[in-house]
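Asks: Please see the structure below; I have some questions.
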Amino acid sequence: MAYSGKSYVEHVAVKVSDIHWHIRFFREVLGMTLREAHGTEDAPSQVWTIGGMQLISDPDFKGPEGRLAHLGIMTDDVEAALRAGQAWGVTGLAEYSNWMVLPDGLVLELLQSEPGAVAQILAVKARP
């Protein structure tokens, strides 16, 4: 069963050893301010930028392997996308009904868009 809706990557979640350095970098170099934070201002456990980055504090992280935590995918119809994934043999996560784990371990968090929002985001001029 093919999914007939549209989707886009809404955020990319990565582990970082120094979350404060990364918050400053994305703000000062790329103009990405915060839209949400969990934890305290002095010790946030994770933050999301306006622009699609989710930074997860992991002071013991040494990298580079294992940095990617998951991809947040905004989609027209989460339930239809989950059904389409199941038809491909993709499993879900017991603790999160809107998450899928692909065979190679890549984790997707599916996020429900407002009606018409995905089409509006995708209405960009394609590169030649």
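The values are calculated or read from the model by the stated rules, or taken from the named source; none is laboratory data. Source: prediction; values computed, not measured. As a convention, Cβ positions derive from the backbone with ideal geometry for all residues, glycine included, and neighbour counts pool all protein chains shown.
Asks: Out of contact with any His (no Cβ under 7 Å at 6 or more places or on another chain), among the hydroxyl-bearing types (Ser, Thr, Tyr), farther than 28 Å from Ala2 by Cβ and buried (at least 17 other Cβ atoms within 10 Å of the Cβ): which single residue out of Thr40, Thr75, Thr49 fits that description?
Replies: On the way: Thr40 fails: buried (at least 17 other Cβ atoms within 10 Å of the Cβ); Thr75 fails: farther than 28 Å from Ala2 by Cβ.
Selected residue: Thr49, the only one of Thr40, Thr75, Thr49 that is out of contact with any His (no Cβ under 7 Å at 6 or more places or on another chain), among the hydroxyl-bearing types (Ser, Thr, Tyr), farther than 28 Å from Ala2 by Cβ and buried (at least 17 other Cβ atoms within 10 Å of the Cβ).
Asks: I've got another one for you. Counting residues that are touching a helix residue (DSSP H, G or I) at 6+ places or on another chain (Cβ under 7 Å), which strands (runs of 3 or more DSSP E) fully inside region 1-58 reach at least 3?
Replies: Numbers: elements: 7-16, 34-39, 44-49, 53-57.
Here the list reads 7-16, 44-49, 53-57.
Asks: Does Arg24 fit the bill of being over 19 Å from the mean Cα position of the chain (by Cα), among the charged types (D, E, K, R), under 23 Å from Ser7 (Cβ atoms) and loosely packed, with under 14 Cβ neighbours inside 10 Å? Spell out the reasoning first.
Replies: Values: over 19 Å from the mean Cα position of the chain (by Cα): yes; among the charged types (D, E, K, R): yes; under 23 Å from Ser7 (Cβ atoms): no; loosely packed, with under 14 Cβ neighbours inside 10 Å: yes.
It is false that Arg24 is over 19 Å from the mean Cα position of the chain (by Cα), among the charged types (D, E, K, R), under 23 Å from Ser7 (Cβ atoms) and loosely packed, with under 14 Cβ neighbours inside 10 Å.
Asks: May I pose another question? Residues of region 82-101 being within 20 Å of Gly5 (Cα to Cα) and small (Gly, Ala, Ser), which ones?
Replies: Ala84, Gly85, Ala87, Gly89, Gly92, Ser97
Asks: Return the pair list, or none, for Cβ contacts closer than 9 Å from residues in region 53-65 that are at positive phi to residues that are surrounded by 15 or more Cβ atoms within 10 Å (Cβ to Cβ), at least 6 apart or on different chains.
Replies: Gly63/Lys15; Gly63/Val16
Asks: While we're here: If a residue must be in contact with a strand residue (DSSP E or B) (Cβ under 9 Å, 6 or more places away or on another chain) and part of a loop (DSSP other than H, G, I, E, B), how many such residues does region 75-102 contain?
Replies: Within region 75-102, the subset in contact with a strand residue (DSSP E or B) (Cβ under 9 Å, 6 or more places away or on another chain) is 75-79, 81-82, 85-86, 90-93, 96, 98-102.
With the extra rule that they be part of a loop (DSSP other than H, G, I, E, B), the set shrinks to 76-77, 90, 102.
Looking only at that region, the number is 4.
Asks: With (1) crowded, with 19+ Cβ neighbours inside 10 Å; (2) modelled with pLDDT of 95 or more; (3) small (Gly, Ala, Ser) as the list, and Ala81 as the residue in question, which single condition is left unmet?
Replies: (2)
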